[in-house]
Every structure is written in structure tokens, then in C-alpha cells.
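A.B. asks: One structure, pasted below without further comment.
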Amino acid sequence: MAASLLRTGGRRVAVVGVALADCGRVDGATPYTLHAQAARRALADSGLDRSVVDGFASAGTGVLAPVEVAEYLGLRPTWVDSTSVGGSTWEVMAAHAADAIAAGHANAVLLVYGSTARADIKAGRRTGNLSFGARGPLQFEVPYGHTLIAKYAMAARRHMLEHGTTLEQLAEVAVQARENAARNPEAMFRDPVTVDDVLSGPMIADPFTKLHCCIRSDGGAAVLLAAEEYVQDSRAAPVTILGTGEHVSHATMSEWPDFTVSPAAVSGRLAFERAGVRAADIELAEIYDAFTYMTLVTLEDLGFCKKGEGGAFVQSRELPVNTDGGGLSAQHPGMRGLFLLVEAVRQLRGGSGRTPSPPHGRDLAGAGGGIRDRGLVLLVGDGGAGAGVNPQRDTLTTAVSSAGSGSRRPTSHGLNGFLSSRRTVPSPGSPRVIVNAKVWVSSGSRALTSQV
């Protein structure tokens, strides 16, 4: 709906602020603390005052997530969303927010997430989750030891059987993620690993060894979406939403028609169609990587290569993937979809200060929310150059890219006041970025993100 509204007179929707809370090992914080930290930093990044925020989306914290977290942040929104579909939650929420803003139901929507999953386990406040519970249809799987990791492992084995995908090709996903993390000072694990390191690690669920699986961290993230009229008052290069797509497939393995095809095959097609672009237009991808297989199968289903050729495509390194190190190396505090949006926007603004921007400024960011659902967002970013870009904004953009989540913008109005500057409206024909079955557009760069 967002794409059609944008093309038929609805308001354009842009990402005007992104930020991470402290990530990695954060023992002295609560999830609410990380929500607030990320929200403040995203507002500071945008240059807009908190008073413009009339929409709020959150999931995963408290009994009534958007109500409790909004109260903690001192917000009184008139539009809320608490959609919860796993890691792709944030891409689906971004699509809902884009629809609402385009239709005039909200002006600025803040998406926020925070989790102390690692710290809670370390302190004994909780244990690790082997599954999503044993209620409803899941009662027929969980009692037989069918853990979440085992489900992905089974799917990977089926892909290996049907298409000849090798363990070395799956391991290459982890190796490349760690290489990118080495250039990211915010990443939790930065030491290099080899294919042999991945293959020789302790077995978790055949064929997955430890390094095939995402890390467990603490952390938080926030993204602020706003109507086009707020772009001129924001500080950073515009990243506009071009179109979106989402798809829910199944909850149990018995209802998954084909283990070698993820829901991204549907959400990706919808997002591309609504945005009017193809996979060939994308030059960089941020894809949800809870397990190495998710990256490989998502690349296939989004059309970057043919079905069964994902392993060879990964080894070719033709497409830069997960420039921050992904969930395999950078951070993964539970539901990582929002972190993909942050990285995609940073790349679209002209690079994150670690990994060079694509030569033509086209990026793809993709997130995976599990084996059941996937959201996709297509973004277009300025890349720091183009008509109407002012030097002040370029300077501020560079500062955001290199500062990371641990630094805040200076403010002249205390905790709730933020500096502002001008921002240009994206060009309709500029490159795009895809993020989790939603599509965002900004002037000059393209990126894609999707969720399994």
C-alpha cells in the first residue's frame, strides 16, 4: 500500500533518524534503558524535536510493549503498532508506519527495540529459549526435541541434498560476516575466522556448528520515519521509502511446503514490483543471518541468483552482504530486524565509515524473522552527493556514519532538545535499497532488506 500511495499522491515517507544503543556486553542496563538510549540517539540523529513524534512501534518488552515503553519514553502517541512476527517484526512495522504516514494518519513514527538477552542469561534472570513454546500447533513438534536451531538445520540439509550446497559454502557466509565485523568497531566479535574454523567448531545442530549460528548479545536500535514535509528540518541525507512487501508462510515445519524456499520469495517479489526495481539494481545487501543458511536461501529467493546457486554466489563475493558483520558477528540481541534498517540507512547516506559505499550508491539491506515470515524494505539514499545537497548536511552525515552508537550529537536544548538543519527531498529516479520486504527510497542509493 505504501508504494501505491507514494505513486498516486500519498505523502512520501523518509527515514530521518537512525541509531544504536550500546551493544554487545551491556551488563548495567535494562531493556527500557536501551530503548531510551536508542530513541534519544535517533532523535538527535534526525535533528527533529520529540514533539513531532505522534506514532510509536515496539515489541518484545513488557506485557503491553508499545504502551509500557511509550510511557517510559514520555511519549503519548496517537498511532501505535505492536506487531510481533519474530526478527522481521521491524520491517513489517516499518511498512505499517509508511502506510500510516503516507495516508496522513501519522506524521512521524518512532520504531524502538532494546534487549538484555545476553546479560539476563549471564545473571541467571532467564534461561535460553529452545523454541517459541509448546502451545497451539507447536505442541506437536516441541515434545520431540524439535528446537528452533534444529528447524533451520533441517532446512539447510534439504538444500544441500537437493542442490548440492556444501558445508564450505555455508561456512563462507560466516567468514565474510566476520571480515565485515573486523572493520566495525561496534561489532561484538572482530577476530578473523576461516572456513576450517567454522567447520571444526562444536556441533550445535547438524550441519550447524557454533559459528554457523548467530551470537547472543545485548543492544538496542531505533529508526524514525517521517512525512516528506519534515525532511527539510532533518539533519542527515534523506532515505525515502519506495515500496514494501511482507509475507507469512507457516508456524510449523509440517506446513512448510518447501524447505529450500523462504517467504522472501513472495515478499521480495512484492517489494520489487511495488518499487519498480529488480535485484540487478541492488549493489549491497543487509540480510538477516540468524544462521548461515538464512543468508544463502534469501539471496536466492530475492533473485540475486538462481535457486540452488546460492552457495556459489556467496563464494563469488559478487554482492557485499551484511556490512556491519550481521547477527553472526556484530550483534544479535533477540530480534535483529531493526539493526538491519539502521545499517542500510547508514550505507545509503554514503557509507558507514567502515565499508566503502557501492560505486553507484545502490544498497540492499535484508532481514530474516524466522522460517515463517519475511518483510522487505527498499530504500534509496543520497550517498552524500547530488543536486540540492548542502555542505553542512554532508558534514553532519559523515559524523553520524563514523561516530557509531556510542556517541551522541551535541544538543543546545538539554535532553529533549536537538539541533536541526536542512535536508533535501530524494529524487524519484535515484538508486534504491531494500530492507526486509519493505521498500524505502532516498536520492542516490539503493539498498534491500528482507526477512525469512
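Where a number appears in this text, it was derived from the coordinates with a stated rule and is not lab data. Only a predicted model underlies this, so the values are computations on that prediction, with no experimental measurement involved. With ideal geometry, Cβ positions are generated from the backbone for all residues, glycine too; neighbour counts draw on all protein chains shown.
A.B. asks: Using only the Cα atoms of region 187-320, each taken as one equal point scatterer with no solvent, compute I(q) by the Debye sum, divide by I(0), and report log10 of the ratio at q = 0.12, 0.13, 0.17, 0.22 Å⁻¹.
C.D. replies: Once normalised to I(0) and log-transformed, intensities are -0.67, -0.78, -1.19, -1.43.
A.B. asks: Determine the shape class of region 107-262: with a ≥ b ≥ c the square roots of the Cα gyration tensor eigenvalues, call it rounded for a/c under 1.5, and otherwise prolate if a/b is greater than b/c, oblate otherwise. Show your work: numbers first, answer last.
C.D. replies: Numbers: a/c = 1.60, a/b = 1.39, b/c = 1.15.
It comes out prolate by the Cα gyration axes.
A.B. asks: With a Förster radius of 30 Å, plug the Cβ-Cβ distance of Arg158 and Arg135 into 1/(1 + (r/R0)^6) and report the FRET value to the nearest 0.05.
C.D. replies: Numbers: r = 27 Å, r/R0 = 0.88.
For Arg158 and Arg135, the calculated efficiency is 0.70.
A.B. asks: Please compute the volume of the convex hull spanned by the alpha-carbon atoms of region 133-216 and report it per residue in Å³.
C.D. replies: 116 Å³
A.B. asks: Each label point is 7 Å from the Cα along the Cα-to-Cβ direction; what then is the distance between the points at Lys307 and Ser200, in nm?
C.D. replies: 3.8 nm
A.B. asks: Follow-up. How are the alpha carbon pair distances in region 58-135 distributed across 5 Å bins from zero to the largest one, expressed in percent?
C.D. replies: Reading upward from the zero bin: 3, 13, 20, 21, 19, 10, 7, 5, 1, 0.
A.B. asks: Under the Karplus relation 6.51 cos²θ - 1.76 cosθ + 1.60, θ = phi - 60°, what is the ordered set of whole-Hz ³J(HN,Hα) values for region 324-336, x standing for Gly and Pro?
C.D. replies: Result, rounded to whole Hz: 8, x, x, x, 6, 9, 7, 6, 7, x, x, 10, 8.
A.B. asks: While we're here: When the chain is fully extended, how far beyond the present Cα-Cα distance does Thr147 get from Thr78, taking 0.36 nm per residue of separation?
C.D. replies: Values: separation 69, 0.36 × 69 = 24.84 nm, distance 3.91 nm.
The span from Thr147 to Thr78 would gain 20.9 nm if fully extended.
A.B. asks: Another question, if that's okay. Over region 53-193, what number does the Rg to Rh ratio reach, with both radii from the alpha-carbon atoms and Rh per Kirkwood?
C.D. replies: Working: Rg = 19.7 Å, Rh = 18.8 Å.
Expressed as Rg/Rh, it is 1.05.
A.B. asks: May I pose another question? Sticking with the crude label model, points 7 Å out along Cα→Cβ, report the distance from Asp191 to Ala280 in nm, one decimal please.
C.D. replies: Computed distance between label sites Asp191 and Ala280 equals 4.4 nm.
A.B. asks: I'm a student and want to see the number: the projected area of the Cα convex hull of region 1-135, averaged over all directions, in nm².
C.D. replies: On the way: hull surface 37.4 nm².
Approximately 9.4 nm², given one-decimal rounding.
A.B. asks: From Cα coordinates alone, what are the radius of gyration and Dmax values for region 193-236 in angstrom?
C.D. replies: Cα only, region 193-236: 20.5, 54 Å (Rg, Dmax).
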